[in-house]
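Just below is one structure, and these are the notes that go with it.
Quick note: the coordinates plus some simple rules give every number you see, no bench work behind them. Please read these numbers as outputs of a predicted model, since none were measured by experiment. A quick note on method: Cβ atoms are made from the backbone with ideal geometry, for glycine too, and the neighbour counts reach across all protein chains shown.
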Amino acid sequence: MPDVSPDISRIRSRLLAWYDAHARSLPWRVGLGAARTEPYRVWLSEVMLQQTTTPHATPYFHAFTQRWPTVSDLAAAPDAEVMAAWAGLGYYARARNLLACARAVAGDHGGVFPDTEAGLLALPGVGAYTAAAVAAIAFDRAANVVDGNVERVMARLFAVETPVPQARPELRRLAGLFVTDHRPGDWAQALMDLGATVCRPRSPLCDQCPVAEDCSGRAGGRPERYPIKTKKADRPQRRGFAWVLFDGQGRVAVETRPDKGLLGGMLGLPTSDWTTGDPSDAPPLAADWREAGTVDHVFTHFGLTLTVRTATGGAPDGRRWMEIEAARAALPTVFAKALDRGMSGILLI
Ligand code: SF4
């Protein structure tokens, strides 16, 4: 074992001093210390940032806050508009949870977010991470905010040899050792910033790290090996068909997917089932279908290859026509890819 024993209070004071000088400038941050950010913006950013990078989430954050400047504005928005604005961010259950939470805040709390971790946790669609993050960042509550960045920093500081996910409770406990009533919001953000910019997943910049002296992982010579991972099972591969029907006047046939299930409530294109076996290739609409190639997409739990068939003319039969550009903007990424593939198939005819 490396001969380093992390000093909690020294790490705290060094990291907070580093944060005062190096905090990232992010659209949802107004300032440091007492200049707290608005709960709506903190909450929205935290929901968007789950499973999404900051550069990818930033334009969506701007678009949402311009269109719906307050949580009450968002609560009043039609479902379809919010789902369309979310298209491209992925993990669409988050968009449905977002609306459920906004409506609870607007309807049950007069448009004001609860200011405690427990109060936030009671809101629909708000999990332990989001409740802790909003409590700490927006209300300066002493909450233990543990995301992937924080787990990585803890695993390295303490050279935790247990692999994740089994190590998660231990990493959470270690992160909790640092949480105090002194600047808890800044502490949470300082730790996240350190993980995002210095203690990076593949190549940590230990030479620039304010807590390097206290880091067991660095002392051991190979900090990048933490957190130790168990080998992942291979992701299953599913296959299916997508049917891209154009009307010859710049429109494409779209449908709203059922509320339950993958991409529930989102705009979609007609498709077959998605299966690891043989999907049905029976067209859901009558038309002169032609093969336009395949598109690949990776979901969290499986990969998908869609064979795209395309046609022009015919009736949408229970679906509706939509302008191609509007559809591309509103469709989840997997369908936007299929739409583009379908268009290239038409151009080749
Ligand atoms: Fe991460 Fe290196 Fe800092 Fe340790 S010294 S916390 S590994 S950046």
Residue by residue, what Karplus-based ³J(HN,Hα) values in Hz, rounded to whole numbers, does region 100-105 have, using 6.51, -1.76 and 1.60 with θ = phi - 60° and x for Gly and Pro? 4, 5, 4, 5, 5, 5
What's the center-to-center distance, using Cα atoms, between region 252-316 and region 114-154 in Å? 38
Dividing the alpha-carbon radius of gyration of the chain by 2.2 N^0.38 Å, where N counts its residues, gives 1.16
Taking every other residue with Cβ under 12 Å from the Cβ of R320 and scoring Lys and Arg +1, Asp and Glu -1, one gets -2
Mark the label point 7 Å from the Cα of D340 along Cα→Cβ and return the residues of region 82-100 whose backbone N is within less than 15 Å of it. 88-89
Nearest 10 degrees, 0 to 90: what angle lies between the long axis of helix 333-348 and the longest principal axis of the chain (Cα atoms)? 40
Could you please report the charge total around R10, scoring K, R as +1 and D, E as -1 over all other residues with beta-carbon less than 13 angstrom from its beta-carbon? -1
Mind ranking 191-202, 331-342, 145-156 by how tightly packed they are, going by the mean number of other C-beta atoms within 10 angstrom, highest first? 145-156, 331-342, 191-202
When each pair of different Cα atoms in region 106-238 is counted once in the 1/r mean, what is the Kirkwood radius in angstroms, to one decimal? 16.1
How big is region 194-264 on each of its three principal axes, counting only the C-alpha atoms and giving the largest first in Å? 65, 30, 22
For the chain, share of DSSP beta bridges that run antiparallel, in % to the nearest 5: 60
With -39,500 (n - 2.57) per DSSP H segment of 4 or more residues and division by the full residue count of the chain, the 222 nm estimate, nearest 500 deg cm²/dmol, is -12500 deg cm²/dmol
Row for region 209-349, column shape: gyration tensor on C-alpha, a ≥ b ≥ c, rounded if a/c < 1.5 i.e. under 1.5, prolate if a/b over b/c, else oblate; value prolate
What does the extension gain come out to for T256 and K231, with contour length at 0.36 nm per residue minus their alpha carbon separation? 5.3 nm
Dipole of the chain, positive direction: furthest Cα of F113, T305, F61, with charges on the beta-carbon: T305
Under 5 Å from the placed amide H of T294, counting only residues 5+ away or on other chains, we find V308
For region 148-222, just say rounded, prolate or oblate: build the C-alpha gyration tensor, square-root its eigenvalues into a ≥ b ≥ c, call rounded for a/c under 1.5, and beyond that prolate if a/b exceeds b/c, oblate if not. oblate
